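In what follows, a structure is listed as C-alpha cells, so that the remarks can point back to it.
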Amino acid sequence: MVITGASSGFGAEIAKLFNKENYPMLLLGRRTEKIYALPLDFDQVLVDSVDVTDEQAFKASIAVAEEKFGKTDLLVNNAGVMLLGNVQSQSPLEWKTMMDTNVLGVLNGMQAVLADMVERKHGTIINMSSLAGRKTFTNHAAYVASKFGVHGLSETIREEVSKDNVRVSLVAPGAAETELLTHVTDTSALSDYQAWKETMGGITLDPVHVAEVVKFIYDMPQEVNIREIDIAATRQDG
C-alpha cells in the first residue's frame with residue numbers, strides 16, 4: 001500500500017493502523033524525519049521524500065516499492081495543503097499550491113497505479129478530500145475549489161474503472177486536529193477559524209477516527225465499494 005502525506009495527521013494515523021497488521025507500505029512525505037519518528041515497525045516499510053506534484057518522482061518511488069513488495073493494492077492519496085484566505089487579497093501563488101498538490105497530486109498518484117489495478121481487476125484508491133469538497137466555508141474559496149475537484153475527479157474515475165472491479169473511494173473529514181493550519185499566512189482567516197473551533201469546545205476531530213474509516217473502507221470485500229464517507233466532530237455545525 002502507498003500513503004502520501006504520511007508524516008503527520010491523517011497519513012500518520014493511517015500508517016500506524018495498517019502497520020499494526022503488518023501491511024507492506026510505502027510512506028511518502030517531504031519530511032521523512034517525521035515519518036521515521038513514528039512508532040512503526042519498519043521491517044515492511046519503505047520511506048521516500050516525494051512531492052506528489054512531481055509526477056516522475058512519484059511514479060519512480062512507487063515502482064521501487066512494487067519491485068520489493070509487489071503491485072500496489074491500496075493507494076491513499078492523503079497529501080494536501082490548506083491555505084485559508086479571502087480571494088480578494090490572497091496570493092495567487094497560494095491558489096496554485098493548493099491546486100497543484102490537492103488536485104494534480106491526486107491525479108498523479110491515480111495514474112501511477114490504475115493501469116495495473118485495471119489489468120489485475122483488483123485494487124483500491126482512497127482519496128482524502130474534505131467537507132469543503134461538498135459545501136462552502138468562509139475564507140476557503142480556493143481550498144474549496146480544490147476539494148470540489150477531488151470529489152469530481154474521484155467520482156468520474158470511479159465510474160470509469162468500476163467495470164474492472166477497481167474501487168475508488170473518498171473520505172471527507174471536517175475540521176480536524178492536524179497540521180494543515182500551520183501554513184496559513186492570513187492571520188485574519190486563521191483567527192476566524194480559531195474562533196469557529198472554539199464553538200466546538202476547542203477540539204475538533206481526532207485523526208485516529210479518520211484512519212479507522214479508511215481501514216473500514218479497505219476491509220470491505222473487493223466487490224463492495226463504499227463510495228464516500230463524510231466524518232466530522234459532532235459539534236461541528238458546518
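The values are calculated or read from the model by the stated rules, or taken from the named source; none is laboratory data. From a predicted model like this one, the values you see are computed outputs, not experimental measurements. Cβ placement follows ideal geometry from the backbone for every residue including glycine, while neighbour counts extend to all protein chains displayed. These area figures cover heavy atoms from the full protein model, side chains too; ligands, DNA and RNA do not enter into them. Shrake-Rupley method; radii C 1.70, N 1.55, O 1.52, S 1.80 Å.
Put simply, the convex hull of the Cα atoms in the range 68-115 casts, on average, a shadow of 4.2 nm².
In order along the range 163-172, phi translates into HN-Hα couplings of 5, 9, 6, 9, 9, 10, 10, 9, 10, 10 Hz, rounded to whole numbers, per the Karplus curve 6.51 cos²θ - 1.76 cosθ + 1.60 with θ = phi - 60° and x for Gly and Pro.
Against the chain, whose longest principal axis is taken from its Cα atoms, helix 105-120 shows a tilt of about 30°. For the chain, the spread of Cα coordinates along the three principal axes comes to 48, 38, 34 Å, biggest extent given first. If you take the square roots of the eigenvalues of the alpha-carbon gyration tensor of the range 40-100 and sort them as a ≥ b ≥ c, do you get rounded (a/c under 1.5), prolate (a/b over b/c) or oblate? Prolate shape, in that a/c is at least 1.5 and a/b is the bigger ratio. Taking a straight line from the alpha carbon of LYS163, these aspartates and glutamates sit under 14 Å away, with near neighbours fewer than eight places off in the same chain left out: GLU119, GLU155, GLU223.
Across the range 1-135, the fraction of Cα-Cα pairs farther apart than 23 Å, rounded to a whole number, is 32%. Among the protein heavy atoms of the range 1-150, carbon and sulfur supply 52% of the accessible surface, probe 1.4 Å, non-protein parts ignored.
For the chain, the solvent-accessible area works out to 46 Å² per residue, with a probe of 1.4 Å and every protein chain left in place. Sorted largest first, the principal axis extents computed over the alpha-carbon atoms of the range 1-51 equal 26, 18, 17 Å.
Would you please give the FRET efficiency between LYS71 and THR156, computed as 1/(1 + (r/R0)^6) with r the Cβ-Cβ distance and R0 = 25 Å, to the nearest 0.05? Calculated value: 0.60. Based on Cα contacts under 8 Å between residues 6+ apart, the range 1-122 shows a relative contact order of 27 percent. Between LYS121 and LEU46, the FRET efficiency estimated from the beta carbon spacing at R0 = 22 angstrom works out to 0.30. Remark: the Cα gyration tensor places the range 56-188 in the prolate category, a/c being 1.5 or greater and a/b exceeding b/c. Pairs of Cα atoms nearer than 8 Å and 6+ residues apart set the relative contact order; for the chain it is 21 percent.
Cross-link reach is defined here as a Cα-Cα straight distance under 17 Å, omitting same-chain residues fewer than 8 places apart; for LYS96 the lysines meeting it are LYS147. For ASP230, nonlocal amide neighbours, meaning residues 5 or more places apart or on other chains whose placed amide H falls under 5 Å from its own, are ALA172.
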